[in-house]
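**Q** Mind looking over this structure? Questions follow.
The values are calculated or read from the model by the stated rules, or taken from the named source; none is laboratory data. Bear in mind that the values here come from a model prediction, so they are computed numbers and not experimental data. Positions of Cβ are backbone-derived with ideal geometry, glycine not excepted, and every protein chain shown enters the neighbour counts. Note: accessible area is taken over every heavy atom of the protein model, side chains too, but ligands, DNA and RNA are not part of it. Shrake-Rupley method; radii C 1.70, N 1.55, O 1.52, S 1.80 Å.
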Amino acid sequence: MYTLYYSPGTASMVVHLALLEIGAPYQLALVDFDKQAQRDPIYLKLNPNGLVPTLVIDGRPRIESAALLTMLAERHPEAGLIPPTGTPERELWQQWVGYLSNTLMSAYRLWFYPAELGSEEHPPAIRAALQRKIESVWDHLDTHLAANGPYLLGAQFSGADLLLTMLMRWSRNMPRPVTEWPALKNLADLVRARPSWKKLYELEGLTEW
(Lines give C-alpha, C1' and ligand atoms only; values in the text may rest on other atoms or scores of the structure.)
Protein backbone atom coordinates (compact mmCIF):
# COMPACT_ATOMS: atom_id res chain seq x y z
CA MET A 1 0.00 0.00 0.00
CA TYR A 2 1.32 3.39 -1.03
CA THR A 3 0.13 6.76 0.29
CA LEU A 4 0.33 9.72 -2.07
CA TYR A 5 0.17 13.23 -0.64
CA TYR A 6 -1.09 15.29 -3.55
CA SER A 7 -2.76 18.46 -4.77
CA PRO A 8 -4.87 18.27 -7.95
CA GLY A 9 -3.05 19.09 -11.17
CA THR A 10 0.33 19.77 -9.56
CA ALA A 11 3.60 17.83 -9.81
CA SER A 12 1.94 15.01 -7.89
CA MET A 13 -0.05 14.27 -11.04
CA VAL A 14 2.65 12.13 -12.69
CA VAL A 15 3.02 10.00 -9.55
CA HIS A 16 -0.74 9.48 -9.38
CA LEU A 17 -0.78 8.51 -13.06
CA ALA A 18 2.02 6.03 -12.45
CA LEU A 19 0.13 4.45 -9.56
CA LEU A 20 -2.94 4.08 -11.76
CA GLU A 21 -0.90 2.56 -14.59
CA ILE A 22 0.72 0.09 -12.17
CA GLY A 23 -2.52 -0.93 -10.51
CA ALA A 24 -0.95 -1.26 -7.08
CA PRO A 25 -3.09 -0.45 -4.02
CA TYR A 26 -2.69 3.11 -2.80
CA GLN A 27 -4.48 5.80 -0.88
CA LEU A 28 -4.66 9.54 -1.49
CA ALA A 29 -4.04 12.24 1.10
CA LEU A 30 -5.04 15.72 -0.06
CA VAL A 31 -2.67 18.56 0.76
CA ASP A 32 -5.02 21.55 0.60
CA PHE A 33 -3.00 24.51 -0.66
CA ASP A 34 -5.93 26.88 -0.04
CA LYS A 35 -5.58 26.08 3.65
CA GLN A 36 -1.78 26.19 3.55
CA ALA A 37 -1.70 22.52 4.51
CA GLN A 38 1.74 22.20 2.90
CA ARG A 39 3.06 24.34 5.79
CA ASP A 40 1.48 22.23 8.50
CA PRO A 41 4.20 20.95 10.89
CA ILE A 42 2.89 17.41 10.54
CA TYR A 43 3.25 17.53 6.77
CA LEU A 44 6.65 19.21 6.99
CA LYS A 45 7.91 16.19 8.89
CA LEU A 46 7.19 14.16 5.77
CA ASN A 47 8.37 16.75 3.27
CA PRO A 48 10.52 19.53 4.77
CA ASN A 49 10.30 21.47 1.49
CA GLY A 50 6.55 21.94 1.96
CA LEU A 51 5.83 20.74 -1.57
CA VAL A 52 3.92 17.93 -3.26
CA PRO A 53 4.20 15.14 -4.05
CA THR A 54 5.22 13.01 -1.12
CA LEU A 55 4.89 9.27 -1.53
CA VAL A 56 5.05 7.00 1.49
CA ILE A 57 6.69 3.72 0.47
CA ASP A 58 6.75 0.96 3.09
CA GLY A 59 6.41 3.60 5.78
CA ARG A 60 9.17 5.81 4.37
CA PRO A 61 8.34 9.27 2.92
CA ARG A 62 9.97 9.98 -0.41
CA ILE A 63 9.84 13.18 -2.49
CA GLU A 64 10.60 14.68 -5.95
CA SER A 65 8.19 13.73 -8.71
CA ALA A 66 10.72 12.49 -11.29
CA ALA A 67 12.44 10.38 -8.64
CA LEU A 68 9.11 8.96 -7.46
CA LEU A 69 8.18 8.07 -11.03
CA THR A 70 11.47 6.19 -11.32
CA MET A 71 10.99 4.41 -7.99
CA LEU A 72 7.53 3.21 -8.90
CA ALA A 73 8.55 2.16 -12.41
CA GLU A 74 11.46 0.16 -11.04
CA ARG A 75 9.42 -1.44 -8.26
CA HIS A 76 6.78 -2.56 -10.78
CA PRO A 77 8.61 -3.48 -14.00
CA GLU A 78 5.63 -5.53 -15.14
CA ALA A 79 3.75 -2.27 -15.79
CA GLY A 80 6.18 -1.36 -18.57
CA LEU A 81 6.73 2.22 -17.43
CA ILE A 82 10.50 1.87 -17.72
CA PRO A 83 12.62 -0.25 -20.10
CA PRO A 84 14.77 -3.08 -18.73
CA THR A 85 18.07 -2.27 -17.04
CA GLY A 86 21.08 -2.29 -19.34
CA THR A 87 19.19 -1.58 -22.55
CA PRO A 88 19.66 1.44 -24.85
CA GLU A 89 15.99 2.26 -24.25
CA ARG A 90 16.62 2.47 -20.50
CA GLU A 91 19.43 4.94 -21.13
CA LEU A 92 17.13 7.08 -23.28
CA TRP A 93 14.42 6.94 -20.62
CA GLN A 94 16.84 8.22 -18.00
CA GLN A 95 18.04 10.91 -20.38
CA TRP A 96 14.54 12.23 -21.08
CA VAL A 97 13.33 12.14 -17.48
CA GLY A 98 16.46 14.01 -16.38
CA TYR A 99 16.05 16.51 -19.19
CA LEU A 100 12.40 17.23 -18.41
CA SER A 101 13.12 17.64 -14.73
CA ASN A 102 16.15 19.88 -15.21
CA THR A 103 14.74 22.10 -17.95
CA LEU A 104 10.96 22.32 -17.96
CA MET A 105 10.22 21.77 -14.29
CA SER A 106 12.80 24.29 -13.14
CA ALA A 107 11.69 26.88 -15.70
CA TYR A 108 8.03 26.41 -14.80
CA ARG A 109 8.87 26.94 -11.14
CA LEU A 110 10.16 30.41 -11.96
CA TRP A 111 7.29 31.11 -14.38
CA PHE A 112 4.58 30.35 -11.83
CA TYR A 113 6.34 31.78 -8.75
CA PRO A 114 7.81 35.21 -9.57
CA ALA A 115 8.69 35.76 -5.91
CA GLU A 116 11.52 33.27 -6.33
CA LEU A 117 13.16 35.85 -8.62
CA GLY A 118 12.45 38.66 -6.19
CA SER A 119 9.23 40.31 -7.42
CA GLU A 120 5.48 39.88 -7.11
CA GLU A 121 5.15 39.89 -10.89
CA HIS A 122 7.79 39.27 -13.52
CA PRO A 123 9.19 42.33 -15.28
CA PRO A 124 8.41 42.03 -19.01
CA ALA A 125 11.97 41.08 -19.94
CA ILE A 126 12.12 38.27 -17.38
CA ARG A 127 8.71 36.96 -18.38
CA ALA A 128 9.72 36.96 -22.05
CA ALA A 129 12.98 35.16 -21.26
CA LEU A 130 11.19 32.43 -19.32
CA GLN A 131 8.64 32.02 -22.10
CA ARG A 132 11.46 31.67 -24.65
CA LYS A 133 13.17 29.09 -22.43
CA ILE A 134 10.04 26.95 -22.18
CA GLU A 135 9.21 27.30 -25.86
CA SER A 136 12.76 26.33 -26.85
CA VAL A 137 12.20 23.04 -25.01
CA TRP A 138 8.97 22.51 -26.93
CA ASP A 139 10.86 23.15 -30.19
CA HIS A 140 13.46 20.55 -29.28
CA LEU A 141 10.94 17.93 -28.17
CA ASP A 142 8.65 18.48 -31.15
CA THR A 143 11.55 17.97 -33.55
CA HIS A 144 12.54 14.78 -31.74
CA LEU A 145 9.00 13.40 -31.72
CA ALA A 146 8.37 14.26 -35.37
CA ALA A 147 11.43 12.24 -36.34
CA ASN A 148 11.32 9.46 -33.77
CA GLY A 149 7.85 9.39 -32.16
CA PRO A 150 5.06 9.18 -31.49
CA TYR A 151 6.43 8.65 -27.94
CA LEU A 152 9.70 9.82 -26.42
CA LEU A 153 11.15 6.32 -26.83
CA GLY A 154 9.66 5.81 -30.26
CA ALA A 155 6.78 3.39 -30.79
CA GLN A 156 6.63 2.35 -27.13
CA PHE A 157 4.74 4.30 -24.45
CA SER A 158 6.58 4.75 -21.14
CA GLY A 159 6.41 6.65 -17.86
CA ALA A 160 8.51 9.41 -19.42
CA ASP A 161 5.48 10.26 -21.57
CA LEU A 162 3.37 10.68 -18.43
CA LEU A 163 5.86 13.21 -17.09
CA LEU A 164 6.00 15.08 -20.38
CA THR A 165 2.21 15.21 -20.74
CA MET A 166 1.80 16.58 -17.22
CA LEU A 167 4.28 19.32 -18.08
CA MET A 168 2.52 20.00 -21.37
CA ARG A 169 -0.73 20.44 -19.49
CA TRP A 170 0.82 23.23 -17.46
CA SER A 171 1.28 25.30 -20.63
CA ARG A 172 -2.45 25.51 -21.34
CA ASN A 173 -2.77 29.14 -20.16
CA MET A 174 0.57 30.35 -21.47
CA PRO A 175 0.71 32.80 -24.41
CA ARG A 176 1.53 29.88 -26.72
CA PRO A 177 0.26 26.55 -25.36
CA VAL A 178 2.03 23.34 -26.29
CA THR A 179 -0.89 22.17 -28.44
CA GLU A 180 0.46 24.50 -31.16
CA TRP A 181 3.36 22.03 -31.68
CA PRO A 182 1.88 19.19 -33.78
CA ALA A 183 4.03 16.24 -32.68
CA LEU A 184 3.68 17.22 -29.03
CA LYS A 185 -0.08 17.57 -29.42
CA ASN A 186 -0.20 14.10 -30.94
CA LEU A 187 1.66 12.62 -27.96
CA ALA A 188 -0.62 14.48 -25.56
CA ASP A 189 -3.69 13.13 -27.34
CA LEU A 190 -2.35 9.57 -27.06
CA VAL A 191 -1.67 9.88 -23.33
CA ARG A 192 -4.96 11.64 -22.63
CA ALA A 193 -6.78 8.73 -24.24
CA ARG A 194 -5.32 6.27 -21.72
CA PRO A 195 -7.59 4.95 -18.93
CA SER A 196 -5.17 6.22 -16.28
CA TRP A 197 -5.55 9.82 -17.46
CA LYS A 198 -9.33 9.61 -17.49
CA LYS A 199 -9.41 7.97 -14.06
CA LEU A 200 -7.12 10.60 -12.57
CA TYR A 201 -9.41 13.38 -13.79
CA GLU A 202 -12.31 11.65 -12.10
CA LEU A 203 -10.45 11.15 -8.82
CA GLU A 204 -8.84 14.58 -8.65
CA GLY A 205 -11.84 16.49 -9.98
CA LEU A 206 -9.95 18.03 -12.90
CA THR A 207 -11.67 19.48 -15.95
CA GLU A 208 -9.26 21.58 -18.03
CA TRP A 209 -6.87 19.52 -20.09
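**Q** Binning at 10 Å from 0, report for the chain what percent of all alpha-carbon pair distances ends up in each bin.
**A** 8, 33, 38, 18, 2
**Q** With 10 Å bins from zero, work out the P(r) of region 128-209 over every alpha carbon pair and list the percent per bin.
**A** Result, from short to long distances: 17, 51, 28, 4 percent.
**Q** What whole number of Å gives the distance from the Cα centroid of region 40-101 to the Cα centroid of region 105-170?
**A** 19
**Q** Set Lys and Arg Cβ to +1 and Asp and Glu Cβ to -1, take the dipole of the chain about its Cα centre, and tell me which of 125, 144, 179 lies farthest positive.
**A** Towards the positive end, the residue furthest out is 125.
**Q** Once neighbouring chains are kept in place and the probe is 1.4 Å, which whole percent of the accessible area of region 81-173 is contributed by carbon and sulfur?
**A** Carbon plus sulfur share of accessible area: 54 percent.
**Q** Something else now. In terms of modelled amide H atoms, which long-range or inter-chain residues lie less than 5 Å from the amide H of residue 82?
**A** Under 5 Å from the amide H of residue 82: 159.
**Q** At 1.002 mPa s and 20 °C, plugging the Kirkwood radius over alpha-carbon pairs of region 31-150 into Stokes-Einstein gives what diffusion coefficient in µm²/s?
**A** My calculation gives 125 µm²/s for D.
**Q** Springs between alpha-carbon pairs under 10 angstrom, Gaussian network model over the chain: which of 81, 117, 145 fluctuates most?
**A** 117
**Q** Can you tell me which of 159, 149, 98 moves the most in a GNM of the chain? Springs connect C-alpha atoms under 10 Å apart.
**A** 98
**Q** Further, regarding this structure: Accessible surface of residue 1 in the full protein assembly, 1.4 angstrom probe, to the nearest 10 Å²?
**A** Estimated to the nearest 10 Å², residue 1 gives 140 Å².
**Q** For the chain, give the share of DSSP beta bridges that are antiparallel, in percent and rounded to the nearest 5; count only bridges with both residues there.
**A** Just about 60 percent of them are antiparallel.
**Q** Expressed in whole Å with the largest first, what are the equivalent ellipsoid semi-axes of region 1-44 derived from the C-alpha gyration tensor as the square root of 5 times each eigenvalue?
**A** Whole-Å semi-axes of the equivalent ellipsoid: 21, 12, 7.
**Q** Check every DSSP H run in the chain and write down those whose alpha carbon atoms cover 20 angstrom or more along the long axis and whose mean Kyte-Doolittle hydropathy is -0.5 or greater.
**A** 124-148
**Q** Expressed as a rounded percentage, what relative contact order does the chain have, with Cα pairs under 8 Å and six or more residues apart?
**A** In percent, rounded to a whole number, it is 20.
**Q** Now for a separate question. Sort 121, 89 by heavy-atom solvent-accessible area, probe 1.4 angstrom, most to least.
**A** The ordering from most to least exposed comes out as 121, 89.
**Q** Okay, moving on. If amide H atoms are built 1.01 Å from N in the plane of the peptide, which residues on other chains or at least 5 residues away come under 5 Å of the amide H of residue 54?
**A** Residues meeting the criterion, in which the H sits 1.01 Å from N, are 5.
**Q** Could you state the accessible area per residue of the chain in Å², with a 1.4 Å probe and every protein chain left in place?
**A** Using a 1.4 Å probe on heavy atoms only, each residue of the chain averages 49 Å².
**Q** Ok, one more. State the extension gain, in nm to one decimal, for the chain segment bounded by residue 3 and residue 190, taking 0.36 nm per residue of separation less the distance between their alpha-carbons.
**A** 64.6 nm
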